[in-house]
Amino acid sequence: MNKLSPPILLATWFGSGWLKPAPGTWGTLAALPFGIGLLYLDNIVLHLAAIAAVTLIGLWSARIFDQQSGTHDSKHIVIDEAAGLWITMLAATLNPITIAASFLLFRAFDILKPWPISIADKRINGSLGVMLDDILAGAIAGFILLGGRYVTGFS
């Protein structure tokens with residue numbers, strides 16, 4: 001497998017998925033500056049378009065990574081972390097506390113995989129399965145962050 005080919009480079013989120021230990025955490029960390037940039041632009045349509053684009057690119061690149069590596073949902077595929085984190089960050093603001101909470105909540109749900117995330121992780125094959133569990137983790141983490149902000153009045 002050529003680690004510098006476009007689909008592999010994208011699936012590993014510009015190579016961050018090769019870092020050890022915990023490539024998923026490294027991939028999430030590598031996606032964070034882009035997510036902060038989306039918050040800075042303060043354009044919900046652009047933010048949603050970026051999520052859609054990275055999801056579609058993830059479906060394509062994860063499929064190719066799986067084919068070339070002979071695996072399914074390799075720990076080195078971390079473009080799904082970018083999609084999930086950016087979904088969580090829909091509920092964040094440019095405040096460092098909400099940004100950190102986005103990161104921590106997303107990672108917690110991505111690692112622990114409570115229901116229904118675990119269903120997507122175990123039962124859905126192919127690149128859709130690779131992407132969907134992180135999309136669900138991002139959505140649930142985002143709703144919790146939004147609820148926490150609402151309850152506390154924190155912005």
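The values are calculated or read from the model by the stated rules, or taken from the named source; none is laboratory data. This one's a predicted model, so the numbers in the text were calculated from it and none came from an experiment. Cβ: placed from backbone, ideal geometry, glycine included. Neighbour counts: every protein chain shown.
Yes/no matrix, rows are residues, columns are (1) more than 15 Å from the chain's Cα centre (by Cα); (2) of a type in the set (Val, Ile, Thr); (3) surrounded by fewer than 19 Cβ atoms within 10 Å (Cβ to Cβ); (4) modelled with pLDDT of 95 or more:
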{"position": "24", "(1), (2), (3), (4)": "no, no, no, yes"}
{"position": "43", "(1), (2), (3), (4)": "yes, no, yes, yes"}
{"position": "46", "(1), (2), (3), (4)": "yes, no, yes, yes"}
{"position": "50", "(1), (2), (3), (4)": "no, no, no, yes"}
{"position": "62", "(1), (2), (3), (4)": "no, no, no, yes"}
{"position": "72", "(1), (2), (3), (4)": "yes, no, yes, no"}
{"position": "100", "(1), (2), (3), (4)": "no, no, yes, yes"}
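Do we find that residue 77 is aliphatic (A, V, I, L, M), surrounded by 14 or more Cβ atoms within 10 Å (Cβ to Cβ) and over 12 Å from the mean Cα position of the chain (by Cα) in this structure?
On the way: aliphatic (A, V, I, L, M): yes; surrounded by 14 or more Cβ atoms within 10 Å (Cβ to Cβ): yes; over 12 Å from the mean Cα position of the chain (by Cα): no.
No.
Sub-7 Å Cβ pairs linking a first residue in segment 1-23 that is over 13 Å from residue 61 (Cα atoms) and touching a residue at least 24 places away in the same chain (Cβ under 8 Å) to a second residue that is in a helix (DSSP H, G or I) and of a type in the set (Phe, Trp, Tyr), at least 6 apart or interchain, are 16/26, ordered by first then second residue. For segment 140-155, the set of residues classified as surrounded by 19 or more Cβ atoms within 10 Å (Cβ to Cβ) and either over 24 Å from residue 52 (Cβ atoms) or among the hydrophobic types (A, V, I, L, M, F, W, C) (or both) consists of 140, 141, 145, listed by residue number. Only one of the numbered conditions (1) within 22 Å of residue 75 (Cβ to Cβ); (2) at pLDDT 95 or above is not met by residue 145, and that is (1).
In summary, helices (runs of 4 or more DSSP H) completely within segment 64-155 and bearing 2 or more residues that are touching a helix residue (DSSP H, G or I) at 6+ places or on another chain (Cβ under 6 Å) and free of Cβ contacts under 8 Å to residues at least 40 places away in the same chain occur at 117-123, 126-152.
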